[in-house]
Amino acid sequence: MEVRLANPRGFCAGVDRAIEIVERALELHGAPVFVLHEIVHNRRVVEDLAARGVRFVDDLGQVPEGAVTIFSAHGVSDEVVATAERRALRVIDATCPLVTKVHVQAQTYAARGNEVILVGHPGHPEVEGTRGRIDGKVTVLSTVAEVEALEVADPERLSYVTQTTLSVDDTREVIDALVRRFPRIQGPDLKDICYATQNRQNAVRRLADQKVDVLLVIGSKNSSNSNRLAEVGMRSGVRSYLIDDAAEIRPEWLVGVDAIGVTAGASAPEALVQEVLERLRELGVHDVREMEGELETVVFKLPESLTTR
């Protein structure tokens with residue numbers, strides 16, 4: 001057996017920034033540092049940071065007044081921001097700049113008096129954060145069927161934005177359906193799907209073109225972009241499995257397999273990739289070949305509060 005390793009894979013600039021923000025906050029302020037929700041959706045990352053004194057909470061009511069508090073890469077609502085201010089929390093915002101861009105776009109549309117459609121998965125932290133940044137009516141949907149059933153107040157005053165980590169294929173279908181039903185709708189086409197999501201999905205398609213027999217996607221089950229990678233693999237005709245780590249690999253998946261594709265979601269660290277490769281070597285892999293792919297040079301700046309004292 002041989003492994004064909006996707007490129008690019010793993011951490012994106014937004015995740016790199018979010019994790020560095022937490023690490024820098026620990027250095028400057030000491031433990032404990034509080035993070036609202038998971039800083040990124042990866043079990044290993046969260047467990048490692050928790051062992052160093054980071055406390056992950058689901059509600060700001062769990063944070064002592066005045067404590068250092070970090071908003072995750074997925075972003076938060078205006079209500080959460082206001083609550084933090086009332087409790088005098090020392091907030092550091094790790095929201096991915098590309099998510100912030102979606103917030104600004106949605107707010108601009110709402111300020112024009114438009115009803116906003118948010119293409120995304122209800123309940124996902126990014127979607128809930130974006131919804132909570134918009135004044136006025138917001139409808140969240142993720143399927144063509146939901147578009148067909150959609151009722152709006154005024155088809156002439158309608159806009160959409162998208163969750164950054166959706167499948168490009170799924171988003172295109174939904175946006176096309178919106179435009180068919182509401183030809184005057186305003187929106188950014190597919191530009192809200194971040195560069196990292198697109199690049200990693202394209203890398204999976206290249207693996208499929210290389211005729212891999214099975215695809216292993218390293219990422220946690222609650223990671224939207226990792227789930228989308230597995231879906232892209234399946235749609236490309238490759239048997240695909242989403243795994244948190246090497247321990248989840250089942251030897252029977254590899255019976256009769258010649259080529260294994262391996263990739264990692266944007267919130268999965270490279271250390272997990274190397275552990276998976278080591279396990280695959282134990283199971284009979286003799287060669288690992290890294291594929292060519294998009295070179296990613298994007299870097300997001302840290303908040304000023306972490307670069308000056």
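Structure values in brief
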{"item": "Pairs of lysine residues in the chain - Cα separation under 26 Å, sequence separation of 8 or more or cross-chain", "result": "8"}
{"item": "Paramagnetic label zone (point 7 Å from Cα along Cα-to-C-beta, Asp59; backbone N under 19 Å) in the range 18-53", "result": "34-38"}
{"item": "Span-rule helices in the chain, defined as complete DSSP H runs reaching 18 Å or more along the axis (Cα) with Kyte mean at least -0.5", "result": "13-29, 97-111, 168-181, 270-282"}
{"item": "Relative contact order computed over the chain (Cα-Cα under 8 Å; 6+ residues apart), in percent", "result": "26"}
{"item": "With all protein chains modelled, accessible area of His37 [1.4 Å, Å²]", "result": "70"}
{"item": "Amide H contacts of Leu215 (H built 1.01 Å from N, under 5 Å, at least 5 apart or other chain)", "result": "Arg239, Ser240, Tyr241, Gly261"}
{"item": "HN-Hα J in Hz across the range 60-69 - Karplus 6.51, -1.76, 1.60, θ = phi - 60°, x for Gly and Pro", "result": "5, x, 8, 9, x, 4, x, 6, 5, 9"}
{"item": "The range 1-113 shape via C-alpha gyration tensor axes, a/c threshold 1.5", "result": "oblate"}
{"item": "Rotationally averaged projected area of the chain (alpha carbon convex hull; nm²)", "result": "17.0"}
{"item": "Cα gyration tensor, the range 136-195 - rounded (a/c under 1.5), prolate or oblate", "result": "prolate"}
{"item": "29 Å tail of the calculated P(r), the range 118-272, as % of Cα pairs", "result": "27"}
{"item": "Charge tally in the Cβ shell below 11 Å around Gly265, where Lys, Arg are +1 and Asp, Glu are -1, Gly265 excluded", "result": "+3"}
{"item": "Accessible surface, the chain, averaged per residue in Å² (probe 1.4 Å)", "result": "45"}
{"item": "The range 87-206 shape via C-alpha gyration tensor axes, a/c threshold 1.5", "result": "oblate"}
{"item": "Sites matching trypsin sites (Lys or Arg not before Pro) across the range 165-255 that sit in DSSP coil, with at most 14 neighbouring C-beta atoms within 10 Å", "result": "Arg184, Lys191, Lys211, Lys221"}
{"item": "With eigenvalues of the C-alpha gyration tensor scaled by 5 and rooted, the range 196-295, Å", "result": "19, 15, 13"}
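The values are calculated or read from the model by the stated rules, or taken from the named source; none is laboratory data. Because the structure is predicted, anything quoted here is derived from the model rather than measured. Heads up, the Cβs are rebuilt from the backbone with ideal geometry, glycines too, and the neighbour counts pull from every protein chain shown. SASA here: full protein model, heavy atoms, side chains in, ligands and nucleic acids out. Shrake-Rupley method; radii C 1.70, N 1.55, O 1.52, S 1.80 Å.
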